[in-house]
Protein chains: 2
Amino acid sequence: MVIVPAMDFAQARAQFPVFDRFAYLNAGTFGPVARATVEAMEERQRRDLELGRSGPDFFLEVMHLRDRVRERIAALVGAEPAQVALTCSTTDGCNIALGGLDLSSEDEVVTTTAEHFGLLGPLHASGARIVVVDPELDAILAAVTPRTRLLALSQVLWTDGRVLPLAELRERSGLPVLVDGAQAVGAIPVNAAELDFLTVSAQKWLCGPDTVGALVVRDPERLRVAQPSYFAQKSFQPDGEFEPRPGAARFDSQWISPAALAGLLAALDSVPEWSYERAAEMTERCRSALAERFDVVSAPGQGTLVSWRAEGDPTRTVRRLFERAVVVRDIPGRNLIRASCGWWTSEDDIERLLGALAG
Amino acid sequence: MVIVPAMDFAQARAQFPVFDRFAYLNAGTFGPVARATVEAMEERQRRDLELGRSGPDFFLEVMHLRDRVRERIAALVGAEPAQVALTCSTTDGCNIALGGLDLSSEDEVVTTTAEHFGLLGPLHASGARIVVVDPELDAILAAVTPRTRLLALSQVLWTDGRVLPLAELRERSGLPVLVDGAQAVGAIPVNAAELDFLTVSAQKWLCGPDTVGALVVRDPERLRVAQPSYFAQKSFQPDGEFEPRPGAARFDSQWISPAALAGLLAALDSVPEWSYERAAEMTERCRSALAERFDVVSAPGQGTLVSWRAEGDPTRTVRRLFERAVVVRDIPGRNLIRASCGWWTSEDDIERLLGALAG
């Protein structure tokens, strides 16, 4: 991330107009958006409106924007730019990785009981046998058989913020690991060098625009391009056979709106250097404050999500909180309510959450 | 399309600021953007900036936007809304359709020598044997064997605007037809009822925002969901097995930025009722004017693209025209230059093209 010198908490938080209205605790769904992010999008849209979406400079600029986003995401997760594909979402990344692995019903993939459909749907569509176990080191390792081709799981569970020991799982199983990074990248330090496939959702903890993300691929040469876009090829034959572009750019899934790319770069510039420390600190404050009155299921020292058991109908509670200008969400089918804490979260946000829950 | 009463040509054209600077003749790559389209995007982005991207109304509004776009695209191509999936692009739609057909190397697909990589790449990735023939009725029908599972081709060829006789091909071959509609939808009347799979690119002839499109699926129940997104399912099991949503919405590939959805609705509202007639008329004017001086390869009465053989290096010619504020493109490897004419094209645009070519 770019280090923004001397930005204190008040300055950093003031970037986000939504905090004027809400105790916004739902970055696990969509992060807050900074004014500069929308301004960058508008500037780019105005350029395209006035000058048109064509011409030699237009395409050079867009390719440059794509490269800059690729470099920034690589730097964020300890990868090389050549290992980063630009996608629309974590779901998109999971489909690309699972499609390219060419799994069959003879193959097994181990996943956990706490995954999002963004991973589970692509797993099912892959045709492999999906083995589902508790999100625990021992249970996952015990589920590995000679037919297991992949471990597919989240770095941070979307249900309660638990962090899974991915590097240890990878090392002890000897298997490649596909990681749903939706609740991790931007929330906690992530090291893609320890993983095989890592998805990035820009619209959550990176506070980016919608419909942008990435797939980090450790070894792009070893994954088939199963869903080629125009960006997949350096050259091609009349029947579509193609020489792939070098590196993970061959997996770039779409033309992404230049406004979204420019907005994401602005969003990445809005991150203070103390982001991870403060996010962890505010998560723990939120967790311990809630634990005084509720059955909190999130352990200390995990990701930046805090979940607790609902007293009464969780959907109704979430709606009641929203009416009191506190934004959280429930986790369907688990009777949980979840608060997302970021580096932007204030003590007042947490007090307002507790006050609204009490009222 | 919504019929805008009493919008004359000057009013319709005045919606697009790019025409103040350029003879913009490249809608086959990206259409011009109307001021109202960008304003609708900005309004939506400002809403998300101020109010956040969460809360019960937010998701209802987005689902409503998705439904409205689905209805409008359905109406545009003579389909039912339940036959329309929202995608990011034509490439996305081709990957969804071809992935779901589960083709193998035993299967054959017939395509033509004039297709875009947006179709050819997904065809190659499908694993089927791809049979490439001239874009002629007889050649296509002659290439059909007992192993042929699909015809995959464009309604309007991106190289020169030729219209292929899809309904006749479908009827005479008895095969399903996957249609790249990128150069057709919005440019000429399209009837999806005669086709099996039709892709829509919103950013070209519909003058919509980037990264929005559709896939029209005649019989959604008969295509496997090969790349599920969250929108694919009505309910799901722990291993990802899911009950699909009704209709083609199960193929919705991504969360699409609400700003892009709002922008596309505004773009569709900017279309005058006389759009197809005027686009055809201006295409013919452009074609016949160019034919007086150049070797035009586009026949009369086809789509809205006019291509002619370059005299000298086509890339250099296109750049020279751009410097004279005339925007066209070249077709790589074919020594062609292509002008795109729309309902917004003026006689002055055509004169400027001819003048710049002469200079």
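Readers should treat all values here as calculations from the given coordinates under stated rules, not as data from a laboratory. Computed from a predicted model, the values in this text were never measured in an experiment. Backbone-built Cβ (ideal geometry, glycine too); neighbour counts: all protein chains shown.
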What is the distance in Å between the Cα centres of the stretch B:1-53 and the stretch A:209-233? 31 Å
What nm value, rounded to one decimal, do you get for the distance between B:Arg147 and B:Glu347 when each label is placed 7 Å out toward the C-beta? 5.7 nm
Among B:Ala12, A:Gly301, A:Ala143 the positive-end extreme of the charge dipole of the protein assembly as shown (Cβ point charges): B:Ala12
Under the span-like rule (Cα at least 27 Å along the axis, Kyte-Doolittle mean at least 0.0), DSSP H helices of chain B: B:56-77
Amide H within-cut-off set for A:Val133, under 5 Å, with H built and near neighbours excluded: A:Thr111, A:Thr112, A:Thr113
Mean separation of Cα contacts under 8 Å, 6 or more apart, over the residue count of chain A: relative contact order %: 24 percent
Report the Cα-based extents of the stretch B:1-87 along its three principal axes, largest first, to the nearest Å. 44, 36, 29
Among B:Phe117, B:Val77, B:Gln233, the residue whose Cα sits farthest towards the positive end of the charge dipole of the stretch B:45-269 (+1 at Cβ of Lys and Arg, -1 at Cβ of Asp and Glu, taken about the Cα centre) is B:Gln233
Would you please report the Å³ per residue occupied by the convex hull of the alpha carbon atoms in chain B? 142 Å³
B:Thr315-B:Glu136 pseudo-label distance in nm [points 7 Å out on the Cα-to-Cβ vector]: 3.2 nm
Radius 10 Å from Cβ of A:Ala339, net charge of other residues (Lys, Arg +1; Asp, Glu -1): +2
What net charge do the residues around B:Val131 carry, taking every other residue with its C-beta under 9 Å from that of B:Val131, with Lys and Arg at +1 and Asp and Glu at -1? -1
With an 8 Å cut-off on Cα pairs and a minimum separation of 6 or more residues, tell me the relative contact order of the stretch A:190-258 in percent. 24 percent
Nearest-20 debye value, the protein assembly as shown charge dipole, Cβ charges on Lys, Arg, Asp, Glu: 360 debye
Give me the dipole magnitude in Debye, nearest 20, for the stretch A:101-248 about the Cα centre, with unit charges on the beta carbon: positive for Lys and Arg, negative for Asp and Glu. 220 debye
Between B:Lys204 and residues 5 or more places away or on another chain, which pairs have amide H atoms under 5 Å apart, with H built 1.01 Å from N, and which residues are they? B:Gly31
Rounded to the nearest 0.05, what FRET efficiency do B:Ala193 and A:Glu243 have when you use their Cβ-Cβ distance and R0 = 60 Å? 0.95
Excluding same-chain residues fewer than 8 positions from A:Lys234, which lysines have a Cα within less than 28 Å of its Cα? B:Lys204
Only residues of the stretch A:131-147 count here: report those whose backbone N is under 19 Å from the spot 7 Å along Cα→Cβ of A:Glu168, or say none. A:133-144
Does a label point 7 Å from the Cα of A:Ser104, set along Cα-to-beta-carbon, have any residues of the stretch A:117-141 with amide nitrogen under 18 Å, and which are they? A:125-130
Dipole size in debye (nearest 20) for chain A around its Cα centre, Lys and Arg Cβ +1, Asp and Glu Cβ -1? 520 debye
For the pair A:Arg35/B:Arg21, report the inter-label distance in nm, with labels modelled 7 Å from Cα in the Cβ direction. 2.7 nm
